[in-house]
Structure formats: C-alpha cells, structure tokens
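Reviewing the structure listed below.
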Amino acid sequence: MTIKVLVTGAGGMLGTDLVTALGAGGFTAVAATRSDLDIRVPEQVAAALPGVDIVINAAAWTDVDRAETEEEAATAINGTAVGTLAAACAQTGARLIQISTDYVYSGKSALPWAESAATDPVNAYGRGKELGERAVFEHLGDRGYVVRTAWLYGAHGRNFVGTVLRLAAQRPTLDVVDDQHGQPTWTCALADQLIELCRAAYAGKAPGGVYHGTASGQTTWYGLARAVFESSGLDPDRVRPVDTAAFPRPAERPSYSVLGHDRWAAADIAVQPFWQDQLRAALARWPIR
C-alpha cells in the first residue's frame, strides 16, 4: 500500500521538486497548485482530503517585504488558512507537515536556534508563519509537524542563487550583504528529507513537533555568492561584501538564522548535507546558467 501525500503549493519552487521526489520515492503524490486548491476556502480543503494520508503544506505568501503593508492578506494564507487545513486534517486523520521559516526567530543570537527556542518574529511575514505553526499543534497535537527552512533556492522559482548567476553575466562586480548568517538550502535536499519524514510519520516513528530543515554548516549571503561564482568558474573576487544597511528593505531581516538540527535524531532521520555540497550538486544538474 502506497502512502498518499497531498502537496499544496505544488507549483512553487519547493512544491515542484517535492512532487517529483515523492513520485520517484514510490509515494502517490497529489499535486495541488494554487489554481487547484485555495487553502483559505474550507470547502475546497475538505474536498481535497479524503483518502489522503499526509498533507505537506508548501502553499505560502512568500513576498516578505509586501507582507509589511499587506499583513492581513499575508496572514490569511500563512496563518489563518493553516488553521483551516489543520482542522480538516484532524477530521480525516491525515497528518500535516507545515513548511515554516527561520523568520519566526528574532535573529538575535550567536548560537544555532534550537527547535525548542522561543519564537519572536521581527516582521509581518514571521508573525503570520508563527500563527500557522501554533494552529498546527492546536488542532493536531502530535499528529502535526512543523519543518522550518531558510535561504531556499531551486530551479523552479526566483531565488538568490539564480539572481547571482544572472547578475554575474550583466555586471562586473556584485555588492552582497555579509552580516546576515544562515544556511543556504537546496529544495531537492529539503524534499528528500521531507520524504523521509513522511515515511517515519506514517510508520509512527517520528514524534510530532518542530524540525529544522536546513543545510548543515553556515555562511553569509556574501559567502554564498562567492561560492556560486567559484562553482561556476567565475572570479569570486568580483563579489564585494557590504552591510545590510546598504540595501534597506521594508521588512527587517534576522541577522542570525542558523538553525539547529537536534530533533531529526528522534525520528532516526539524517540531517541535510553541508550547504557547499548541496550547492555543487544543484549547479551540476540545475540549468540556470
């Protein structure tokens, strides 16, 4: 008997790679794009769930800066709608894996954030995602899972790695922020880890709760940009470090978004490879140049 997994937001950067990986892994993947399923509409959610064993909610409002001026609309998707989805899963018995973010943390730390660390978001996007996290556990308890990720890049959406390569072909030098720290994470690596979580959750071997789905190691945006240049045969000295103040944005960004990975051991699931290895693998098979 195959495990039936509904992927919401299946047309997005993570969702696209996740559906592909689920199919290759022997799951029955049901891909629901935004046009197929609006998670804000309870009737649509209820109609999509019969027969589904696990829901992975990759649907999200992802425009962090626009969320500052349209917080109600952003929270309707990232927070309120997650409650709708979790309540429907509670009715059918499906497990829910909610994709969340490092932005639920303040960024004011010098050590990796533990899964149990107190949340304290600094922007509207983070507040909405935090609301969604709470809704998962309010409705589902230990049948609910939150996987926080960060600094995602992949072949099927706008992202930093693709932007760096595009600008590298257009400009002699790039100024890149060097005072924000995080873990660049390839969507395919996260998809593989989510598949293992699905297997373990279905078998009753993964306790519910929060997991951090990011690459091992850490760097800055500047460090990542240099690595992209190096891996692409370009001169990394064309990348120049600057402070965050050089690029003012409407939404404040956490300065330290490095996440700890201790909880994966409870599910007997390996942590993700180091970010440098992920990047090399991505660039070797990802036609973005």
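Quick check on region 113-147: of everything there that is among the hydroxyl-bearing types (Ser, Thr, Tyr) and in contact (Cβ under 8 Å) with a residue 60 or more places away in the chain, which residue is least open to solvent (accessible area, probe 1.4 Å)? Quick ask: steps written out before the conclusion?
Looking only at region 113-147, we keep the residues that are among the hydroxyl-bearing types (Ser, Thr, Tyr), and these are 116, 119, 125, 145.
Then drop every residue that is not in contact (Cβ under 8 Å) with a residue 60 or more places away in the chain, which leaves 116, 125, 145.
Working: SER116: 107, TYR125: 27, TYR145: 6 Å².
Only one residue fits best here, namely TYR145.
On the basis of being surrounded by 15 or more Cβ atoms within 10 Å (Cβ to Cβ), β-branched (Val, Ile, Thr) and closer than 21 Å to TYR125 by Cα, does THR185 make the cut? Before you say what the answer is, go through the steps one by one.
Numbers: surrounded by 15 or more Cβ atoms within 10 Å (Cβ to Cβ): yes; β-branched (Val, Ile, Thr): yes; closer than 21 Å to TYR125 by Cα: yes.
So THR185 fits the description; yes.
Which one of the conditions (1) open to solvent by 30 Å² or more (accessible area, probe 1.4 Å); (2) over 18 Å from ALA60 (Cβ atoms); (3) at pLDDT 95 or above does ALA110 fail to meet, given that it meets all the rest?
ALA110 satisfies all of (1) open to solvent by 30 Å² or more (accessible area, probe 1.4 Å); (2) over 18 Å from ALA60 (Cβ atoms); (3) at pLDDT 95 or above except (3).
If the Cβ limit is 6 Å and pairs must be 6+ apart or interchain, which residue in region 60-74 that is over 9 Å from ALA124 (Cα atoms) pairs with which residue that is of a type outside the set (A, V, I, L, M, F, W, C)?
Here the result reads ALA60/ASN78; TRP61/ASN78, each pair linking region 60-74 to a residue that is of a type outside the set (A, V, I, L, M, F, W, C).
If SER100 satisfies all but one of (1) touching a Lys or Arg at 6+ places or on another chain (Cβ under 7 Å); (2) open to solvent by 10 Å² or more (accessible area, probe 1.4 Å); (3) at pLDDT 95 or above; (4) under 28 Å from ARG280 (Cβ atoms), what's the number of the condition it fails?
(2)
Given the criteria without any contact (Cβ under 8 Å) to a residue 60 or more places away in the chain, among the β-branched types (Val, Ile, Thr) and open to solvent by 40 Å² or more (accessible area, probe 1.4 Å), does VAL41 qualify? I'd like the intermediate steps shown before the answer.
On the way: without any contact (Cβ under 8 Å) to a residue 60 or more places away in the chain: yes; among the β-branched types (Val, Ile, Thr): yes; open to solvent by 40 Å² or more (accessible area, probe 1.4 Å): yes.
Answer is yes for this residue.
Please verify whether region 49-61 includes one or more residues that are open to solvent by 30 Å² or more (accessible area, probe 1.4 Å) and part of a helix (DSSP H, G or I).
no
I'd like the full set of residues that are buried (at least 20 other Cβ atoms within 10 Å of the Cβ) and of a type outside the set (Gly, Ala, Ser), limited to region 148-164.
Going through region 148-164, the residues buried (at least 20 other Cβ atoms within 10 Å of the Cβ) turn out to be 148-154, 161, 164.
Listed by number, the residues that qualify are ARG148, THR149, TRP151, LEU152, TYR153, VAL161, VAL164.
Need the failing condition index for ALA21 against (1) open to solvent by 30 Å² or more (accessible area, probe 1.4 Å); (2) aliphatic (A, V, I, L, M); (3) more than 18 Å from LEU131 (Cβ to Cβ), just the number.
Tallying (1) open to solvent by 30 Å² or more (accessible area, probe 1.4 Å); (2) aliphatic (A, V, I, L, M); (3) more than 18 Å from LEU131 (Cβ to Cβ), ALA21 fails exactly one: (1).
Considering each residue of region 156-209, count those that are on the phi > 0 side of the Ramachandran plot and not in a loop (DSSP other than H, G, I, E, B), and give that number.
Total satisfying the criteria: 1.
The values are calculated or read from the model by the stated rules, or taken from the named source; none is laboratory data. These numbers were taken from a predicted model, which means no experiment stands behind them. No Cβ is skipped: glycine too gets one built from the backbone with ideal geometry, and neighbour counts run over all protein chains shown. Just so you know, the surface numbers come from the protein's heavy atoms only, side chains and all, with ligands and any DNA or RNA stripped out. Shrake-Rupley method; radii C 1.70, N 1.55, O 1.52, S 1.80 Å.
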